[in-house]
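Comments concern the structure below.
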Amino acid sequence: MYIPMNEMLKHFKQDVPTMANITHKSEQWSPYHDNSGTVLAVGIPGAVIVAGDTRLSNGYNIMSRDATKLSQLTDKCVLATAGQYADFIALRKFLQQRLQLYEFQNEVQASTETVAHLLSRELYSRRFFPYYTFNLLAGLDENNHGFVYGYDAIGSYDKMTYGVQGSGQELVVAVLDNQLKGYNKINKTIPQTREEILDIILDCFSCAAERDIHTGDNVEILIITSAGTERLIKPLRKD
């Protein structure tokens, strides 16, 4: 059957979408925002060193250049968190309240192992609507040896000698593996002194800031020993 060309074009035009009948799907609302950043912790005999950058970003926007990602919970324990900053503040507030109550009831500060278990239970209790945080808990044990606990979003954790979380994790962890474990390293000398570890940490953050736009401005470092806590601020790139 012969169909005139004008009839064919009429049906064709009806099937082709135009700008008038195209609907754009609006962006779905989410309670989570990744403010990113990088945190790192290394445990050595007699001390633990915790570091985090101070940039707070949202996408391509820098919201703050002086936002701490570290929170000292006890004299021997520090929480380092990357991810959503609002959830970090909420989690920090909960832990501080519970640890203050623990100290009031027991007349002694909670050990680092106790804090690690408390953090795990709190993260697991929120597993159906989890904190959007990537946590490291670093501290001293009863023998004043430094160690690090690394967590996933729902409270599973592992005891390590070093750890890193955040947007610069993939850039930093290979350097730490090479320098602190000696994987594929010709010179198997492993740094042990505080000064050597500090130099490695600063190099790690400088490397991350070169490639990760969410890491930068400054790196805040806490050095925890049995004698107390020392705080250092070192500059990173600002762009």
- Query: Can you tell me the accessible area per residue over the chain, all protein chains present, probe 1.4 angstrom, in square angstrom?
  - Reply: 58
- Taking a threshold of 31 Å on the Cα-Cα distance, which of the pairs Lys159/Lys238; Lys185/Lys234; Lys69/Lys188 fall above it? Lys159/Lys238; Lys69/Lys188
- Message: Please state the shape class of region 101-239: rounded when a/c is under 1.5, otherwise prolate if a/b exceeds b/c and oblate if not, all from the C-alpha gyration tensor.
- Response: prolate
- Per-residue SASA entry for Arg92, accessible area with 1.4 Å probe, Å² rounded to 10: 60
- Task: Calculate the spin-label point distance for Gln28 paired with Glu210, positioning each point 7 Å from the Cα along the beta-carbon direction, and give it in nanometres.
- Result: 3.9
- Angle between the chain longest axis and helix 112-125 axis [Cα atoms, degrees, rounded to 10]: 20
- Task: Return the sequence-ordered ³J(HN,Hα) values of region 66-72 in whole Hz as given by the Karplus equation 6.51 cos²θ - 1.76 cosθ + 1.60 applied to θ = phi - 60°, using x for Gly and Pro.
- Result: 9, 9, 6, 10, 10, 9, 7
- Message: Accessible area of the chain with a 1.4 Å probe: how many percent of it is carbon plus sulfur?
- Response: 54
- If you count, for each residue, the other Cβ atoms within 10 Å and average over each peptide, how do 84-91, 190-197, 150-157, 73-80 line up from highest to lowest? 73-80, 84-91, 150-157, 190-197
- Let me know the shape class of region 90-145, please: from the alpha-carbon gyration tensor, a ≥ b ≥ c as square roots of the eigenvalues, rounded when a/c is under 1.5, otherwise prolate if a/b is greater than b/c, or oblate. oblate
- Message: Here are a few candidate values for percent of Cα pairs over 21 Å apart: [x] 65; [y] 61; [z] 56. Which one was actually calculated from the structure I just gave you?
- Response: [y]
- Long-range amide H partners of Thr215 with built H, under 5 Å: none
- Under a straight-distance cross-link criterion of Cα-Cα below 18 Å, which aspartates and glutamates are reachable from Lys181, leaving out those fewer than 8 residues away in the same chain? Asp158, Glu170, Glu195, Glu196, Asp199, Asp203
- Message: What is the angle, in °, between the Cα long axis of helix 85-106 and the longest principal axis of the Cα atoms in the chain? Nearest 10 is fine, range 0 to 90.
- Response: 30
- Query: Against the longest principal axis of the chain, how steep is helix 194-211, in degrees 0 to 90 to the nearest 10, with axes from Cα atoms?
  - Reply: 10
- Computed magnitude of the charge dipole of region 73-190 (debye, nearest 20; Cβ of K, R +1, Cβ of D, E -1): 240
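The values are calculated or read from the model by the stated rules, or taken from the named source; none is laboratory data. This one's a predicted model, so the numbers in the text were calculated from it and none came from an experiment. Virtual Cβ from ideal backbone geometry, glycine too; neighbours counted across all protein chains shown. Side chains are part of the model used for accessible areas, which takes the heavy atoms of the whole protein and leaves out ligands, DNA and RNA. Shrake-Rupley method; radii C 1.70, N 1.55, O 1.52, S 1.80 Å.
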